[in-house]
Amino acid sequence: MGYIQLMNEQPWQEQGAYVLYWAHAAIRVRYNLALLQALELAREQQKRLCVVYQLVPQYPQANRRHFAFLLPGLAEFGDQLQKLGCDVEIICEQTNEQLLKKCELACAVVSDTSYLRYFREKQAFIAKQVPCQFYAVETNVVVPVQEAADKQAYSAGTFRPKITKQLSTYLQPMRDVKRLAKQHGSIRGMEWLDYQYFCETWGLATKVLPVASIGGEQAAQSQLSRFLHEGLAKYGQIATTFDESASSQLSAYLHFGHISPLDIALQVQNYPASQQTIDIFLEQLIVRRELAINFVYYCEKYDCYPEALPKWAQITLANHEHDHREYLYEYESFAQADTHDPIWNQAQKQLLVTGRMNNYMRMYWGKKVIEWTASYEQAWEYLLRLNDTYELDGRDPNGYVGVAWCFGLHDRAWAEREIFGKVRYMNETGIYKRQRAAKQKN
């Protein structure tokens with residue numbers, strides 16, 4: 001199948017005013033295969049390229065924190081597109097009315113692929129409505145999802161050999177985009193990129209405020225550079241310490257499409273570090289990240305309890321759903337980091353302040369919510385809400401898999417115990433071991 005998929009059976013519309021690139025999941029110029037495809041199509045057919053981005057103020061679970069990260073990146077993206085000779089329009093609407101009008105005037109539409117239900121349904125709907133060719137291009141994975149596997153993978157162990165054998169084909173540099181015209185393009189709708197104006201116009205609540213992290217392609221590349229120079233050599237130690245300087249901190253940039261995983265992988269491969277360290281990082285960037293995409297792509301109810309879980313996990317949890325819980329908390333206690341456990345509270349406070357959490361702590365954090373809520377359904381709901389509300393990379397395949405993993409997804413059965421049944425249990429012992437290791441190292 002490859003990266004590019006024709007989503008309808010409509011013809012090229014010669015009378016159309018432009019080729020339209022509907023940007024959504026890739027807000028960057030560098031290593032953006034969808035943009036490259038749209039530019040080359042426009043050049044080949046001697047048409048203008050119009051790039052449209054649809055801001056949806058009430059996007060599911062999005063809040064001020066997410067828009068504060070997104071909007072500067074959009075402004076940077078628009079500026080770069082203008083310099084390439086593209087006409088850019090930012091539209092802001094809850095419906096698809098303006099977006100459809102833009103598509104109906106096009107010779108052909110190119111869009112980048114997203115894997116979550118909300119956008120897949122929107123993309124399929126638009127593709128059926130437009131009178132011209134509609135292409136979806138996978139530009140936020142290294143290996144196209146259907147090439148990596150033709151069904152939902154059971155675990156990393158079953159997925160790894162399938163995707164690894166594809167890497168020699170797909171882990172290759174991409175052509176640079178070239179200017180479409182000598183003159184700059186136009187841009188409309190820039191007023192929507194003013195954060196205060198946008199939030200006040202749409203009445204976005206102030207409960208979840210922005211964090212210090214800055215979005216955009218330039219910020220993403222700067223963060224990657226910092227990681228290569230300061231963090232990559234120590235990356236393999238993350239499993240045994242809490243050294244944040246060893247973390248790539250690229251997940252939010254990947255989520256918003258400000259950087260390409262292919263670009264990251266190639267820069268890491270070419271950096272003078274040990275092959276073992278590089279392999280450990282690429283395991284997370286490619287195998288684990290694209291395993292999450294495999295899950296949401298093939299599992300229709302990826303966000304539903306218990307349907308998202310393997311049968312063995314569903315059975316063992318059903319057998320323990322009435323087990324006694326020593327502590328019970330409601331959502332607000334979790335959100336405000338107000339539990340009896342200082343370790344859990346510390347992790348939640350990091351999330352509240354920075355919009356991210358240490359990966360190991362994220363697993364412990366999720367397991368404890370299961371242990372301290374009245375039912376598995378409630379724990380599932382709370383975890384998705386906490387993740388999607390406060391994480392900068394919330395509403396992402398990795399987030400859904402992270403929550404489902406706490407309930408047994410992509411894992412095996414362990415020794416049976418209360419509340420968790422045969423689902424893996426975690427306690428503070430592992431945290432203390434890592435804290436001691438970090439102190440000894442320092």
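Values in this text are rule-based calculations from the coordinates and carry no lab data. Not measured: the values here are computed from a predicted model. FYI the Cβ positions are ideal-geometry reconstructions off the backbone, even for glycines, and counts take in every protein chain you see.
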Inset, instruction - Scan segment 211-228 for residues that are in a loop (DSSP other than H, G, I, E, B) and touching a helix residue (DSSP H, G or I) at 6+ places or on another chain (Cβ under 7 Å) and report the count. - result: 5
Inset, instruction - Provide a single number: the residues in segment 23-44 that are hydrophobic (A, V, I, L, M, F, W, C) and surrounded by 24 or more Cβ atoms within 10 Å (Cβ to Cβ). - result: 8
Inset, instruction - Inspect all residues belonging to segment 295-302 and state whether any of them is of a type in the set (K, R) and more than 13 Å from the chain's Cα centre (by Cα). - result: yes
Legend entry - Selection within segment 286-311 - within 27 Å of L171 (Cβ to Cβ) and either part of a loop (DSSP other than H, G, I, E, B) or without any contact (Cβ under 8 Å) to a residue 60 or more places away in the chain (or both): C299, Y302
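Given the condition under 30 Å from F67 (Cα atoms), touching a residue at least 40 places away in the same chain (Cβ under 8 Å) and among the acidic types (D, E), answer yes or no: does some residue in segment 392-401 qualify?
yes
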